[in-house]
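Trainee: I'd like to ask some things about the structure below.
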Amino acid sequence: MIERTLVILKPDAIQRGIIGEVITRFERAGLKIVGAKLVQPDYEHYHKHYEGIGQMISRRGQKAFEMVLDLMQKGPVLAMVLEGVEAIALVRKMVGTTEPKAAAPGTIRGDYAHISFAHADEKTVGVGNLVHASGDAQDAEKEIAHWFSEQELHEYPTVHEYFTQGKSK
Ligand code: ADP
């Protein structure tokens, strides 16, 4: 099934100058970028993203919620919509688990960071884990609508569709 998922390259990824490397991984896997923009949203936008949609406070607690909102407002982020076969689960797999210390080598978080929850809590900083990716189909739909207008999502052919979707050239 062809799905769309929201991916955000967070301020730490932008400020470390590695967004090209991260995007290359998604392109290499054959994911199609149907939307992309560099933006610096305000507190309300992130509040809706992480709590209104992501219900983060009940899952992770108030302190972690405030830390991630702080972290996200440290600078611009690259928001993208990626499309592909079961793209939501694929992108989550490529990104790796939330805590970089626990993220497997080969994943983006595992290859580019190693901070632990314990260290982040002790220093009262958010867990800089480079990438946000939608957790499931419901979240993906709401997150894409929250970050992108219809006009910002584009239609164009890719070679990957020829192989994965039986499209003719
Ligand atoms: P994910 O981004 O993997 O879907 P969550 O939605 O649970 O994870 O958390 C959102 C973000 O909040 C994480 O990506 C991370 O940057 C930050 N975060 C989560 N838990 C903590 C924590 N205990 N301390 C600091 N930051 C956290």
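The values are calculated or read from the model by the stated rules, or taken from the named source; none is laboratory data. Keep in mind the model is a prediction, meaning the values are calculated, not measured. No Cβ is skipped: glycine too gets one built from the backbone with ideal geometry, and neighbour counts run over all protein chains shown.
Trainee: When you scan the stretch 150-165, how many residues do you find that are more than 18 Å from residue 29 (Cβ to Cβ), among the hydrophobic types (A, V, I, L, M, F, W, C) and not in a loop (DSSP other than H, G, I, E, B)?
Mentor: So the answer is 0.
Trainee: Is it fair to say residue 81 is buried (at least 18 other Cβ atoms within 10 Å of the Cβ) and touching a Pro at 6+ places or on another chain (Cβ under 9 Å)?
Mentor: no
Trainee: Checking the conditions here, which among 136, 121 is of a type in the set (Asp, Glu) and within 14 Å of the chain's Cα centre (by Cα)?
Mentor: Residue meeting the stated conditions: 136.
Trainee: Residues of the stretch 85-106 being away from the ligand (no atom under 11 Å from the Cβ), under 15 Å from the mean Cα position of the chain (by Cα) and not hydrophobic (A, V, I, L, M, F, W, C), which ones?
Mentor: Across the stretch 85-106, the qualifying residue is only 93.
Trainee: Got a sec? Which of 159, 81 is more than 14 Å from the ligand (Cβ to nearest atom) and under 19 Å from residue 54 (Cα atoms)?
Mentor: After applying the criteria, what remains is 81.
Trainee: Moving on to the next point. Just the residues that are over 15 Å from the mean Cα position of the chain (by Cα) and buried (at least 17 other Cβ atoms within 10 Å of the Cβ), please, taken from the stretch 57-72.
Mentor: 60, 64, 65, 67
Trainee: Being within 25 Å of residue 43 (Cα to Cα), buried (at least 17 other Cβ atoms within 10 Å of the Cβ) and modelled with pLDDT under 95 is the filter here, so list the residues in the stretch 116-166 that pass it.
Mentor: 120, 126, 127, 128
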